[in-house]
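Trainee: Sharing a structure, written as structure tokens. Questions coming.
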Amino acid sequence: MATDCIFCRIVAGEIPSKRVYEDDHAIAFLDLDPFKTGHTLVVSRTHATDALEDAEVLASIAPAITATGKLLVERLGASGLNVLSNVGEDAGQSVFHLHVHLVPRYADDAGMGALLTRTASGDLDEVHARITA
């Protein structure tokens with residue numbers, strides 16, 4: 001664990017999060033500043049800086065990405081899902097711990113351009129309850 005890494009601290013339970021999924025290799029929790037309703041981060045339990053640092057760590061979180069993505073689509077009624085990981089500051093990475101964004105998409109906001117427009121609705125408690133019910 002990197003003691004100065006916010007995601008390591010969330011994984012360790014030192015910082016609370018709205019967890020929606022977890023397994024031996026990853027945890028998934030709602031983004032505090034979501035682009036779309038249900039925007040979730042899948043974070044590796046093992047500290048790796050980004051998706052290119054360690055192929056084994058990246059591969060180990062694939063089941064969590066799949067399970068969480070299916071959960072978001074089923075529980076939130078999303079018609080699609082963006083799956084992305086930023087690598088490096090110039091690509092928009094702001095927390096340097098391997099994580100994958102799962103951004104539910106809905107029929108009324110199709111297109112990549114709409115991804116950059118924040119349209120999340122509902123508070124995190126309400127969205128969390130819908131996903132984990």
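Trainee: Give me the residue from segment 11-20 that is surrounded by fewer than 22 Cβ atoms within 10 Å (Cβ to Cβ) and under 13 Å from the mean Cα position of the chain (by Cα) and, out of that set, nearest to VAL127 (Cα to Cα).
Mentor: Of everything passing the filter in segment 11-20, LYS18 is nearest to VAL127 (Cα to Cα).
Trainee: OK, next. Of the residues GLU56, GLU74, which is among the acidic types (Asp, Glu) and closer than 27 Å to ARG130 by Cβ?
Mentor: After ruling out the rest, the residue left standing is GLU74.
Trainee: For the list (1) aliphatic (A, V, I, L, M); (2) surrounded by 13 or more Cβ atoms within 10 Å (Cβ to Cβ); (3) more than 18 Å from PHE29 (Cβ to Cβ); (4) at pLDDT 95 or above, I need the number of the one condition that ALA59 fails.
Mentor: The failed condition is (2).
Trainee: Kindly indicate whether any position in segment 67-75 is surrounded by fewer than 21 Cβ atoms within 10 Å (Cβ to Cβ), modelled with pLDDT under 95 and within 26 Å of ASP125 (Cβ to Cβ).
Mentor: No, that holds for no residue.
Trainee: Here is a follow-up. If I ask for residues that are modelled with pLDDT of 80 or more, surrounded by 12 or more Cβ atoms within 10 Å (Cβ to Cβ) and not aromatic (Phe, Trp, Tyr), which ones from segment 102-123 would you list?
Mentor: LEU102, VAL103, PRO104, ARG105
Trainee: If PRO34 passes every condition in (1) modelled with pLDDT under 95; (2) over 23 Å from ALA133 (Cβ atoms); (3) in a loop (DSSP other than H, G, I, E, B) but one, which one does it miss?
Mentor: (2)
Trainee: Name the single residue, out of those in segment 84-101 being hydrophobic (A, V, I, L, M, F, W, C) and either closer than 20 Å to LEU124 by Cα or surrounded by 17 or more Cβ atoms within 10 Å (Cβ to Cβ) (or both), that is nearest to the chain's Cα centre (by Cα).
Mentor: Ranking the qualifying residues of segment 84-101, first place goes to VAL100.
Trainee: Out of segment 21-32, which residues are in contact (Cβ under 8 Å) with a residue 60 or more places away in the chain and closer than 11 Å to LEU124 by Cα?
Mentor: LEU30, ASP31, LEU32 - these are the residues of segment 21-32 that are in contact (Cβ under 8 Å) with a residue 60 or more places away in the chain and closer than 11 Å to LEU124 by Cα.
Trainee: Which residues, taken from segment 6-18, are free of Cβ contacts under 8 Å to residues at least 24 places away in the same chain and touching a strand residue (DSSP E or B) at 6+ places or on another chain (Cβ under 7 Å)?
Mentor: Listed by number, the list holds a single entry, SER17.
The values are calculated or read from the model by the stated rules, or taken from the named source; none is laboratory data. Note that the structure is a prediction, hence the values are computed from the model and not measured. Note that each Cβ is placed from the backbone with ideal geometry, even for glycine, and that neighbours are counted across all protein chains shown.
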